[in-house]
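Below you'll find the structure, written out as structure tokens, and then a few comments.
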Amino acid sequence: MIAQVILSILLLGIVLYAYHEYRRAPAIALVATLAAGTGLYFVWIPAHATLLAEAVGIGRGVDLVLYIWVAISLLVLVNLHLKLRTQMEVITVLARELALAKAHATSTPK
């Protein structure tokens with residue numbers, strides 16, 4: 001029972017975060033709310049997670065939840081990596097243009 005309360009508080013925190021982020025990233029907020037809602041459902045009715053796991057060929061509900069969590073974590077990691085790489089490329093272009101602008105400004109006679 002204590003674990004259910006703690007997990008529920010954490011999942012409700014995710015819902016609250018998603019609510020505040022909705023204006024900035026509505027798709028992410030909706031996915032986070034859906035995931036947290038599903039998590040709350042399985043926290044309070046774990047037998048349904050086991051039934052779903054058995055239906056897809058996994059022995060226990062907790063294993064199914066863990067596998068899904070790992071898959072989502074890997075997708076988030078790849079997404080963050082791609083965004084970071086894109087930002088680094090933009091910074092490189094900006095730094096190059098700034099260096100060329102400074103070089104051009106110092107080489108022109110007054």
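Shown here for the range 1-83: trypsin sites (Lys or Arg not before Pro) in loop regions (DSSP other than H, G, I, E, B) with at most 12 other Cβ atoms within 10 Å, namely R23, R24. Available extension along the chain between T108 and I14 is 28.2 nm, counting 0.36 nm per residue and deducting the alpha carbon span. Note on the chain: with charges restricted to the Cβ of Lys and Arg (+1) and Asp and Glu (-1), its dipole about the Cα centre is near 620 debye. Rounded to the nearest 0.05, what FRET efficiency do V70 and L98 give with R0 = 35 Å and r taken as the Cβ-Cβ distance? Could you check? Efficiency for this residue pair is about 0.25.
A value for Cα extents along the principal axes in Å was derived from the coordinates, and within the list [x] 80, 31, 23; [y] 42, 36, 23; [z] 83, 33, 26 it appears as [x]. The value of relative contact order for the chain, using C-alpha pairs under 8 Å at least six residues apart, is 14 percent.
A short reminder: the numbers here are calculations on the coordinates, not readings from a lab. The structure presented is a predicted model; accordingly, all values stated were derived computationally and were not measured. Positions of Cβ are generated from backbone atoms using ideal geometry, with glycine treated the same way; all protein chains shown enter the neighbour counts.
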